[in-house]
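The values are calculated or read from the model by the stated rules, or taken from the named source; none is laboratory data. This is a predicted model, so every value here is computed, not measured. Cβ coordinates were reconstructed from backbone atoms using ideal geometry, including for glycine residues, and neighbour counts include every protein chain displayed. Accessible surface is based on the protein model in full, side chains and every heavy atom, while ligands, DNA and RNA are left aside. Shrake-Rupley method; radii C 1.70, N 1.55, O 1.52, S 1.80 Å.
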Amino acid sequence: MQFQAVIFDMDGVIIDSHQVALKELAKAANWVGASLTEEIVKSWGSLDSVQFWTKVKTEYRLDSEVEELIDGYDKAAEVLAYKSIGPEPGIMEFMQALKNLGVRMAIATSGRAYRVNVVIEMFRLDRFIETWVGSDHVMNSKPAPDVFIEAARRLNCQPQKCLVIEDSENGIRAAKAAGMTCFGYSRRGENWENLQ
């Protein structure tokens with residue numbers, strides 16, 4: 001099958017932000033009364049901010065509202081570390097090759113707008129992608145297919161003509177539910193999630 005568009009997940013595919021996020025999320029959760037390690041956060045899999053803080057609130061019986069917990073998270077500390085991480089090896093060259101072939105590109109992520117915008121600006125991804133969809137734009141986050149369906153709609157491309165590159169179990173489930181072909185990215189063998 002010839003694909004008309006490639007839809008990229010962001011975290012773990014364009015930038016390996018997981019280690020930074022694990023550290024910052026554990027620290028933030030512990031600040032509000034949880035007792036989390038980076039290993040526990042990792043074991044929960046890839047969650048968007050609402051899913052993560054809802055789990056923290058429930059597991060540790062916190063009184064704070066989920067949106068209050070989200071707003072209290074130090075976003076600046078996380079995004080500041082992105083400069084030292086840099087993009088995933090080879091991703092820019094891959095995007096340039098796709099662009100040269102006339103393949104359209106988008107990002108579909110569980111991340112919120114502030115993080116997506118930072119990554120797009122930092123790595124000048126607007127040279128390659130036509131649009132992006134984050135958890136702010138849809139009703140349901142991954143593993144629901146909403147972000148992928150919306151990305152295809154914005155590209156004016158049929159879902160079955162889209163190839164998704166994902167690194168999380170929830171993302172792969174979402175892409176398949178959207179009717180798209182999905183490649184699981186192992187991050188050079190460092191990925192701990194189920195990519196089946």
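Taking (1) closer than 26 Å to Trp53 by Cα; (2) open to solvent by 10 Å² or more (accessible area, probe 1.4 Å) in turn, Ala174 satisfies each apart from (2).
With respect to Ser110, is the statement that it is at pLDDT 85 or above, open to solvent by less than 60 Å² (accessible area, probe 1.4 Å) and over 22 Å from Thr131 (Cβ atoms) true? Quick ask: steps written out before the conclusion?
Numbers: at pLDDT 85 or above: yes; open to solvent by less than 60 Å² (accessible area, probe 1.4 Å): yes; over 22 Å from Thr131 (Cβ atoms): no.
Spelling it out, it is not the case that Ser110 is at pLDDT 85 or above, open to solvent by less than 60 Å² (accessible area, probe 1.4 Å) and over 22 Å from Thr131 (Cβ atoms).
Can you tell me which residues in segment 1-49 are farther than 22 Å from Glu121 by Cβ, open to solvent by 60 Å² or more (accessible area, probe 1.4 Å) and part of a helix (DSSP H, G or I)? Answer for segment 1-49, where residues must be farther than 22 Å from Glu121 by Cβ, open to solvent by 60 Å² or more (accessible area, probe 1.4 Å) and part of a helix (DSSP H, G or I): Lys23, Lys27, Asn30, Trp31, Glu38, Glu39, Ser43.
The criterion of being part of a loop (DSSP other than H, G, I, E, B) and either of a type in the set (D, E, K, R) or at pLDDT 90 or above (or both) does not hold for Asp71. Report yes if some residue within segment 178-194 is under 22 Å from Ile70 (Cβ atoms), open to solvent by 10 Å² or more (accessible area, probe 1.4 Å) and among the aromatic types (Phe, Trp, Tyr); otherwise report no. Scanning segment 178-194, I find no residue that is under 22 Å from Ile70 (Cβ atoms), open to solvent by 10 Å² or more (accessible area, probe 1.4 Å) and among the aromatic types (Phe, Trp, Tyr), so the answer is no. Screening Pro143 with (1) open to solvent by less than 30 Å² (accessible area, probe 1.4 Å); (2) within 18 Å of Arg112 (Cβ to Cβ); (3) of a type outside the set (Val, Ile, Thr) gives one miss only, at (1).
Here's the yes/no breakdown for (1) over 14 Å from the mean Cα position of the chain (by Cα); (2) of a type in the set (A, V, I, L, M, F, W, C); (3) under 30 Å from Arg153 (Cβ atoms):
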site: Met10; (1), (2), (3): no, yes, yes
site: Trp31; (1), (2), (3): yes, yes, no
site: Ser35; (1), (2), (3): yes, no, no
site: Gly45; (1), (2), (3): no, no, yes
site: Trp53; (1), (2), (3): yes, yes, yes
site: Ser64; (1), (2), (3): yes, no, no
site: Ala81; (1), (2), (3): yes, yes, no
site: Ala108; (1), (2), (3): no, yes, yes
site: Asn117; (1), (2), (3): no, no, yes
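Considering Asp63, Asp74, the condition of being open to solvent by 20 Å² or more (accessible area, probe 1.4 Å), more than 30 Å from Cys162 (Cβ to Cβ) and touching a residue at least 24 places away in the same chain (Cβ under 8 Å) is satisfied by Asp74 alone.
The condition of being modelled with pLDDT under 80, β-branched (Val, Ile, Thr) and closer than 25 Å to Phe128 by Cβ holds for only one of Val6, Val13, Val79, that being Val79. For segment 84-102, the count of residues that are modelled with pLDDT of 90 or more, of a type in the set (Lys, Arg), open to solvent by 10 Å² or more (accessible area, probe 1.4 Å) and outside any helix (DSSP H, G or I) is zero.
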